[in-house]
Ligand code: KIV
Ligand code: ZN
């Protein structure tokens, strides 16, 4: 009863966040890391929503064996059947059926009565239950619904066979006291509640998602849903890493346990940030760059004397790598592999070979290769591994007396070599125009940010861009010691996401 089931929805609700679309290879990569992190359930997608989502859920179900794999379905027979088709290959499959429960949604969106909603809940939970026993049910917008109706629909779902009942704060409206009362109300008012696990799913519109989730656990919920780095629709979902570390750090208060290997939190956060293109804000709890940094003299003095003075968690508990000097140009494959393992990466042979080559190249240019450099180059490798178009060469000519000119060579989807050149208003503009001449996908650059991954004049530069096409935003990231190359890589990353999303749609 003290164990909390950790349900990760980074690949479903998290991916719904604007600009976060992942391709199938990236989803599998994240699912494998989540398995390593030790979450109990991975909600891998919404199979009926697109062929791409269906394919990703099916693949993850086959490949990730230590974790329960869940597919989402709205309360329609076709959606339930499609979810089953996608998850049936999993070692421990789950179907998650949901339907709106608030009068606001019933009146303005579904145009259905409460009786009709109850019937859709019953029949579709029962339909899922025919396929498997691991069925979850969610009444959407529960926190703006009549609590009596929530109790009624939860009771009906459990009668129909739901093993987990999840209470979503879909629009992040609730407060801890209110949400806690709703959860406690379930235990008091739903006669068959002991037959199911009570779960919670909180959004962060008022910045209360983690607080609401923790209060629900205090009142008896035993499954908590959320995403890594708190990514998701609008202001995002509850940050799983914050909930997990709160439970661990304040054990005397919560008296709860999870099965999570917390030293995998930091590598998981980095991977999700790199692949989705959503940077982690520096002051973000647990995984932000400043979360374990002490600036003021008094704090530094205290931490040097005894970390407990100003640190409530040991940074090693979340797998935070030290930023000390690690490798140099004389380091070999073995040392590089060991360092990667310490940082939480296990790469395929191909990805390892490419990363090692990039490391050697970097070590030639840079005196000191730190963990952050290694993370940046591995992330660059992971991004390019599944690209349809790959940047092979970029060259620019610019200066205050010349017209910026760029030549680029790409490898196309069938391995063909494609080269072109263009003039621009600046070197990056010229590079992007040359790439556009080859790839030919209309889009608009809406954001361009350059930052330094490490300190010093020889630092790796990171470029984050967002492009827009048909009102959809795609994020791209690139890293290199050359800022023009980093910009070109970021653009290729965003364009490849755009192409993958179109392929998925088609
Ligand atoms: O926020 C929400 O209500 C959801 C449901 C599908 C559980 O994501
Ligand atoms: Zn949600």
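Selection of the range 328-359 for residues being part of a helix (DSSP H, G or I) and surrounded by 17 or more Cβ atoms within 10 Å (Cβ to Cβ) yields 336, 339, 340, 351, 352, 354, 355, 356, 358, 359.
For every residue, the table says whether it meets (1) in a helix (DSSP H, G or I); (2) assigned by TED's automatic domain parsing to the domain that holds residue 187; (3) touching a strand residue (DSSP E or B) at 6+ places or on another chain (Cβ under 6 Å).
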position: 80; (1), (2), (3): yes, yes, yes
position: 97; (1), (2), (3): no, yes, yes
position: 121; (1), (2), (3): yes, yes, yes
position: 151; (1), (2), (3): yes, yes, no
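Taking the conditions (1) part of a loop (DSSP other than H, G, I, E, B); (2) modelled with pLDDT of 95 or more; (3) away from ligand 2 (no atom under 16 Å from the Cβ) in turn, residue 221 satisfies each one other than (3).
Identification of strands (runs of 3 or more DSSP E) wholly contained in the range 383-502 with 1 or more residues that are closer than 27 Å to residue 371 by Cα yields 390-397, 444-452, 461-469, 472-480.
Report yes if some residue within the range 238-258 is within 16 Å of ligand 1 (Cβ to nearest atom) and either more than 20 Å from residue 181 (Cα to Cα) or over 16 Å from the mean Cα position of the chain (by Cα) (or both); otherwise report no. Yes, the conditions are met somewhere in the range 238-258.
Residues in the range 282-322 that are within 22 Å of residue 244 (Cβ to Cβ) and part of a helix (DSSP H, G or I): 307, 308, 315, 316, 317, 318. Scanning the range 244-262 for residues that are free of Cβ contacts under 8 Å to residues at least 60 places away in the same chain and either touching a helix residue (DSSP H, G or I) at 6+ places or on another chain (Cβ under 8 Å) or not assigned by TED's automatic domain parsing to the domain that holds residue 15 (or both) yields 246, 254, 262. Is it fair to say residue 128 is buried (at least 23 other Cβ atoms within 10 Å of the Cβ), within 16 Å of ligand 1 (Cβ to nearest atom), over 25 Å from the mean Cα position of the chain (by Cα) and modelled with pLDDT of 95 or more? So residue 128 fits the description; yes.
What about residue 59, is it outside the structural domain of residue 470 (by TED's automatic domain parsing), part of a helix (DSSP H, G or I) and either modelled with pLDDT under 95 or within 28 Å of residue 270 (Cβ to Cβ) (or both)? Reasoning before the result, please.
On the way: outside the structural domain of residue 470 (by TED's automatic domain parsing): yes; part of a helix (DSSP H, G or I): yes; either modelled with pLDDT under 95 or within 28 Å of residue 270 (Cβ to Cβ) (or both): yes.
Judged against the criteria, residue 59 is a match.
Scanning the range 14-40 for residues that are within 14 Å of ligand 1 (Cβ to nearest atom) and either free of Cβ contacts under 8 Å to residues at least 60 places away in the same chain or surrounded by fewer than 24 Cβ atoms within 10 Å (Cβ to Cβ) (or both) yields 16, 17. Taken over the range 413-424, residues that are surrounded by 10 or more Cβ atoms within 10 Å (Cβ to Cβ) and at pLDDT below 95 amount to 1. Within the range 56-65, is even one residue touching a residue at least 12 places away in the same chain (Cβ under 8 Å) and within 16 Å of ligand 1 (Cβ to nearest atom)? Yes - at least one qualifying residue is present in the range 56-65. Residues that are within 16 Å of ligand 2 (Cβ to nearest atom) and either in a loop (DSSP other than H, G, I, E, B) or not assigned by TED's automatic domain parsing to the domain that holds residue 236 (or both) within the range 9-56 comprise 9, 15, 16, 17, 18, 20, 46, listed in sequence order. Here 147, 168 are screened, and the one residue that is assigned by TED's automatic domain parsing to the domain that holds residue 15 and either within 16 Å of ligand 2 (Cβ to nearest atom) or touching a residue at least 60 places away in the same chain (Cβ under 8 Å) (or both) is 168. Taking the conditions (1) within 26 Å of residue 266 (Cα to Cα); (2) within 12 Å of ligand 1 (Cβ to nearest atom); (3) modelled with pLDDT of 95 or more in turn, residue 167 satisfies each one other than (1). Residue 102 falls short on exactly one of the conditions (1) over 23 Å from residue 11 (Cα atoms); (2) buried (at least 17 other Cβ atoms within 10 Å of the Cβ); (3) away from ligand 2 (no atom under 16 Å from the Cβ), and that condition is (3).
When residue 235 is tested against (1) within 23 Å of residue 25 (Cβ to Cβ); (2) within 16 Å of ligand 1 (Cβ to nearest atom); (3) surrounded by fewer than 24 Cβ atoms within 10 Å (Cβ to Cβ), exactly one condition is not met: (1). When we screen 209, 196 for residues that are under 23 Å from residue 261 (Cα atoms), crowded, with 22+ Cβ neighbours inside 10 Å and assigned by TED's automatic domain parsing to the domain that holds residue 133, the only hit is 209.
Answer with yes or no whether residue 125 is away from ligand 2 (no atom under 16 Å from the Cβ) and in contact with a strand residue (DSSP E or B) (Cβ under 7 Å, 6 or more places away or on another chain). Judged against the criteria, residue 125 is a match.
The values are calculated or read from the model by the stated rules, or taken from the named source; none is laboratory data. Everything numeric in this text was worked out from a predicted model, so none of it was measured. Neighbour counts are summed over all protein chains in view; Cβ atoms, including those assigned to glycine, are modelled from backbone coordinates with ideal geometry.
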